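The values are calculated or read from the model by the stated rules, or taken from the named source; none is laboratory data. What you see is a predicted model; the values in this text were computed from it and never measured. Here the Cβ is made from the backbone with ideal geometry for all residues, glycine too, and neighbour counts use every protein chain on show.
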Amino acid sequence: MSLNRTDEESNSLETLVLKGRVFTGKSEGAEFIRLRWVQRQTKEKLGFLPYPGTLNIRLTKEGIGRKKALTRTDGLEISPATGYCGGKLFRAHLGNVECAVVVPEIADYPEDVVEVIASVDLREKLGLADGDFVKVEVML
């Protein structure tokens, strides 16, 4: 399924906005995204193969509350291979780029962080650097 939406679909979706600042992570998300079973499920559920990396965003205080609400909603489930965690994907937009927010199901995952995936390198495509303020529009 493609992330491209018709005007009718766009009007029927609710949007949750997450705001925060770009930062460099530990590359754990990139390692996860490179796994074959993650790539396959992402392609099946979102319609694109993810660039082998994530864009890390440290959320504002308001964003933390919105992320908590997001984690309680239905997303596109990622079924884990043995020994790995599961997670949810949520279709989103960052600027004019279609992407997805990844919510890993890890007990001690930081509440103020989200990771964003896309078919392209988001830093390069959008000219982003650490400290840049961004707004991710998540489709519910």
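I'd like to know if the range 120-133 contains one or more residues that are more than 18 Å from R34 (Cα to Cα) and β-branched (V, I, T).
No - not one qualifying residue is present in the range 120-133.
Does F133 fit the bill of being under 17 Å from L16 (Cβ atoms) and aromatic (F, W, Y)?
no
Could you list, in sequence order, all residues of the range 98-108 that are out of contact with any helix residue (DSSP H, G or I) (no Cβ under 6 Å at 6 or more places or on another chain) and either closer than 14 Å to G47 by Cα or crowded, with 17+ Cβ neighbours inside 10 Å (or both)?
Step one: of the range 98-108, the residues out of contact with any helix residue (DSSP H, G or I) (no Cβ under 6 Å at 6 or more places or on another chain) are 98-99, 101-102, 104-108.
Within the range 98-108, E98, C99, V101, V102, P104 qualify.
Can you spot a residue in the range 60-78 that is among the small types (G, A, S), under 12 Å from L18 (Cβ atoms) and surrounded by 14 or more Cβ atoms within 10 Å (Cβ to Cβ)?
yes
Might you check whether a residue that is farther than 16 Å from L140 by Cβ, touching a Gly at 6+ places or on another chain (Cβ under 7 Å) and among the acidic types (D, E) occurs anywhere in the range 38-61?
Scanning the range 38-61 turns up no residue that is farther than 16 Å from L140 by Cβ, touching a Gly at 6+ places or on another chain (Cβ under 7 Å) and among the acidic types (D, E).
Among residues belonging to the range 31-54 that are more than 16 Å from K88 (Cα to Cα) and surrounded by 17 or more Cβ atoms within 10 Å (Cβ to Cβ), point out the one that is modelled with the lowest pLDDT.
G53
Quickly run through the range 81-97 and pick out the residues that are touching a helix residue (DSSP H, G or I) at 6+ places or on another chain (Cβ under 9 Å) and free of Cβ contacts under 8 Å to residues at least 12 places away in the same chain. Outline the logic, then answer.
Going through the range 81-97, the residues touching a helix residue (DSSP H, G or I) at 6+ places or on another chain (Cβ under 9 Å) turn out to be 81, 84-85, 87-91, 94-97.
Correct list: N96 only.
Counting only residues that are of a type in the set (G, A, S) and surrounded by 13 or more Cβ atoms within 10 Å (Cβ to Cβ), which one in the range 109-127 is nearest to G20 (Cα to Cα)?
Residue satisfying both the conditions and the ranking: A118.
If you go through the range 108-140 one residue at a time, how many are among the β-branched types (V, I, T) and part of a loop (DSSP other than H, G, I, E, B)?
Within the range 108-140, residues that are among the β-branched types (V, I, T) and part of a loop (DSSP other than H, G, I, E, B) number 1.
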